[in-house]
1. Which of the residues belonging to segment 45-68 are more than 19 Å from Cys184 (Cβ to Cβ) and in contact with a helix residue (DSSP H, G or I) (Cβ under 6 Å, 6 or more places away or on another chain)?
2. When you look at Tyr252, is it assigned to a helix (DSSP H, G or I), open to solvent by 10 Å² or more (accessible area, probe 1.4 Å), within 16 Å of ligand 1 (Cβ to nearest atom) and over 23 Å from Ile43 (Cβ atoms), yes or no?
3. Restricting attention to segment 255-294, which residues are of a type in the set (Gly, Ala, Ser) and either closer than 19 Å to Ala229 by Cα or within 16 Å of ligand 1 (Cβ to nearest atom) (or both)?
4. Can you go through Leu305, Leu317 and tell me which one is within 15 Å of ligand 1 (Cβ to nearest atom), surrounded by fewer than 19 Cβ atoms within 10 Å (Cβ to Cβ) and under 30 Å from Ala133 (Cα atoms)?
5. Which one is modelled with the highest pLDDT, of the residues in segment 193-236 that are assigned to a loop (DSSP other than H, G, I, E, B) and among the acidic types (Asp, Glu)?
6. Checking Ala167 against (1) surrounded by 14 or more Cβ atoms within 10 Å (Cβ to Cβ); (2) outside any helix (DSSP H, G or I), which single condition isn't satisfied?
7. Does Pro106 satisfy the criteria of being over 13 Å from the mean Cα position of the chain (by Cα), surrounded by fewer than 18 Cβ atoms within 10 Å (Cβ to Cβ), closer than 21 Å to Gly182 by Cβ and not aromatic (Phe, Trp, Tyr)?
8. If I filter segment 66-84 down to residues being open to solvent by 10 Å² or more (accessible area, probe 1.4 Å) and outside any helix (DSSP H, G or I), which single residue comes out as nearest to ligand 1 (Cβ to nearest atom)?
Amino acid sequence: MNKDTPALSTDALLQEELFQRIMALKKEMNALVLAHYYTVSEIQQVADIVGDSLALARAAEHNTADVIVFAGVYFMAETAKIINPAKQVLLPDASAGCPLADSCAPDEFRAFKEQHPGAVVVTYINSTAEIKALSDITCTSSNVEHIIRQIPLDQPIIFGPDRNLGAYIAKKLDREMILWQGSCYVHEDFSEHLIVQARAEHPDALLIAHPECKASVLQHAAFVGSTKALLDYTTTSSSQDFLVATEPGILYEMQKRSPEKRFTMAPKEHDRSRGVCTQMKQNTLEKLYQCMLHRKPEIVVEEELRLAALRPIRRMLELSPA
Ligand code: 13P
Ligand code: SF4
């Protein structure tokens, strides 16, 4: 080592070592590592593909890997397995669930459906395989508008489990939808009064928000879009300053693509621990390495359930814009 090169800390050395081992395992296993934008930056650095829910579902569909390692939350890895039954699908921490998905119990959802016979059931990909199996079409925040537009106007629609995303689309398309009352704790916690204050303090910053935020917050946003749409907006907009109302993991990619621009998280009602998706942050380099080394936790979906859940996912992939 050159005497002028600063020595790496133990943490950095450990991280570098894990990084190298994961890269070697990827080759050895013919594994594809997928990571959502909400995971920690070191996971995003080691992943083959980093994306939002739709991009990752597509990547899970089109690849030649033998093993898919999904650094995200359970429903994402489960969706990858539903699409690819022949591949081994691993999730670094099997307890990384999504409270929004878990808030929609199949028995209650079935009863909800029975109250509205004849309604087409569109559900957010942030749902369990059991809920997908009770649905007609799956969607993500990237393609929901496109999908709802293709449903005839006289056709009643049940939408779940995220009420904020459903209400946003219903308002935008001026269309009634029967909403399941679920929400994402990370996005639900942005507060209108604090955002109004923050905008007064950063008059040049544009507020951009994910549609999982409440309507009271979205009404102040200059742009509303899925994680990917928000990212694209920050790269193409001439604004130099953004107030961001979504999960902070996306700031890594925003800042990487636009190093000269300024990104500030929009304020939240509660303390910092509620400001991030703790389930996404359960993916660490150490867990990623261990899961590849031991090939577990592995996602298993019973075949009858898989086939029933595959139908609405296929429908989504057919109806999505290219
Ligand atoms: P998208 O990746 O579709 O923007 O969804 C955000 C999210 O909450 C993922 O869990
Ligand atoms: Fe679920 Fe919200 Fe976390 Fe996405 S950000 S995984 S919707 S809890």
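The values are calculated or read from the model by the stated rules, or taken from the named source; none is laboratory data. Note that this is a predicted model, so its numbers are computed, not measured. Counting neighbours? That spans all protein chains shown, and the Cβs are built from the backbone with ideal geometry, glycine included. Ligands, DNA and RNA are stripped out before the accessible areas are found, and what is left, the full protein with its side chains, is counted by its heavy atoms. Shrake-Rupley method; radii C 1.70, N 1.55, O 1.52, S 1.80 Å.
1. Val46, Ile49, Val50, Ala60, Glu61, Val67, Ile68
2. Numbers: assigned to a helix (DSSP H, G or I): yes; open to solvent by 10 Å² or more (accessible area, probe 1.4 Å): yes; within 16 Å of ligand 1 (Cβ to nearest atom): yes; over 23 Å from Ile43 (Cβ atoms): no.
Criteria not met by Tyr252.
3. Restricting attention to segment 255-294, the residues satisfying the condition of being of a type in the set (Gly, Ala, Ser) are 258, 266, 273, 275.
Those that are of a type in the set (Gly, Ala, Ser) and either closer than 19 Å to Ala229 by Cα or within 16 Å of ligand 1 (Cβ to nearest atom) (or both): Ser258, Ala266, Gly275.
4. Values: Leu305 fails: within 15 Å of ligand 1 (Cβ to nearest atom).
Residue meeting the stated conditions: Leu317.
5. The first filter runs over segment 193-236 and keeps only residues assigned to a loop (DSSP other than H, G, I, E, B), leaving 202-205, 210-214, 219-222, 225-226.
Restricting the remaining residues to those that are among the acidic types (Asp, Glu) gives 204, 212.
Numbers: Asp204: 94, Glu212: 97.
The qualifying residue modelled with the highest pLDDT is Glu212.
6. Ala167 satisfies all of (1) surrounded by 14 or more Cβ atoms within 10 Å (Cβ to Cβ); (2) outside any helix (DSSP H, G or I) except (2).
7. Details: over 13 Å from the mean Cα position of the chain (by Cα): yes; surrounded by fewer than 18 Cβ atoms within 10 Å (Cβ to Cβ): yes; closer than 21 Å to Gly182 by Cβ: yes; not aromatic (Phe, Trp, Tyr): yes.
When the stated conditions are applied, Pro106 passes them.
8. Selected residue: Asn84.
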